1. Over what distance in Å are the Cα centres of region 171-232 and region 52-74 separated?
2. Can you quote the Å³ per residue value for the convex hull of the Cα atoms in region 109-160, rounded to an integer?
3. Grab every C-alpha pair in the chain, bin the distances at 10 angstrom width from 0 up to the longest one, and report whole percents.
4. Volume per residue, Å³, of the convex hull around the alpha-carbon atoms of region 73-166?
5. Identify which of A41, A99, A19 has the largest mean-square fluctuation in a Gaussian network model of the chain, with springs joining Cα atoms closer than 10 Å.
6. With angles folded into 0 to 90 degrees, how steeply does helix 152-162 sit against the dominant principal axis of the chain? Use alpha carbons for both and round to 10.
7. Positive end of the charge dipole of region 59-130 (Lys, Arg +1 and Asp, Glu -1 on Cβ, about the Cα centre): tell me which of A99, G68, L88 has its Cα farthest that way.
8. Give me the one-decimal nm value for the distance between modelled label points at D223 and K105, 7 Å along each residue's Cα-to-Cβ direction.
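Any read-out appearing in this document is the output of simple, stated calculations on the displayed coordinates, not a laboratory observation. These numbers come from a predicted model, not from an experiment. Here the Cβ positions follow ideal geometry from the backbone for every residue, glycine too, while neighbour counts run over all protein chains shown.
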Amino acid sequence: MRITNNTFNIIIFLGRPAAGKSEVIDFIYKQPIEKRIKEFAISSDETLDDFVDLWIKGEEDDILEELGRKRLYTEKDPTGYSVTEKFLYNFLIKKITYAFNKKYKNNDEFYKTKTLFIEFSRGGENCYRNAFNLLSDDILKKCVVVYTKVSFEEACRKNNRRYNPDAKDSILQHALPQKIMDQYKIDDWDALTSEHPDYFTIKNIKVPYFTFLNEPEITDKYDLLEPALKKGFELLKSNALKY
C-alpha cells in the first residue's frame, strides 16, 4: 500500500547531485500542513538521506587515521570527503533498508500521520536499477519516486554555486569535488523508466514515478515550482492508487 489517509507512505527523491532534490523537499517543508496534504498528498515527514551516512563514514575514517589505522572508504577533500571505495555506495543503500526495518517497516501508526522521505543520488550504468534491487520489497511496495532531472553540465554548475565552506556537512550547501561529479555524467533513469510512463518494474514490483524537469531551473522560482510540483504529485497519487 502506497497511500494511507490520503497521503504517500514513502517518497524516494532521486537525481544528480545539485539537481534540486533537496530544494524540492525544502519547498515542501515550508508549506502549511493542510496545504501539503491537499495539494501534494504529503503529511508531516521524516527523512533518510544517505549523504548523512556518507559524512559519518568520512568522520569515522578521520578517527581511524588519527589512531594510526588506514582510512576505509573516503579521503579528505577541500569540500569535505571523496569516496574512494565504490562499495560504499551499495553499503549506504543497504543502510537505508536497515534503518527502515528498525523504525518504519512494521509501524502502521507512522504512516497514518507521516510520510517517509528517502533521498540519494547515483551515477553510472545501471546505477538506479542496482540501487533499487538492494532496497527491500517492503520499501518498494510502499514507495513512489520523484526524479529531479537536469543535465550533467547544469548539475555541475549548481554544485559549484551551492558550496558553502562553512557548511560542508549541510544537505543544502555541500558540494562534491569534480572528480566525484564526473561519476554522474550518465545514469540509467531514462532506461529504467522507458517501459512505461507511469511506473518502472523492480523485482516484479511496479513502482510509480514522476520525472520533475528542473532545467531551466525553477526550484528558485516558487511561482513556477508550485504548479509544476502540484501537477506532478497529483499524477503520482493517481498512479500510486493503481499500482
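1. What the calculation gives is 30 Å, centre to centre.
2. That works out to 109 Å³ per residue.
3. All Cα pairs, binned at 10 Å, distribute as 7, 31, 37, 20, 4, 0 percent.
4. Here the figure is 151 Å³ per residue.
5. A99
6. 70 degrees
7. A99
8. Going from the D223 label point to the K105 one covers 4.9 nm.
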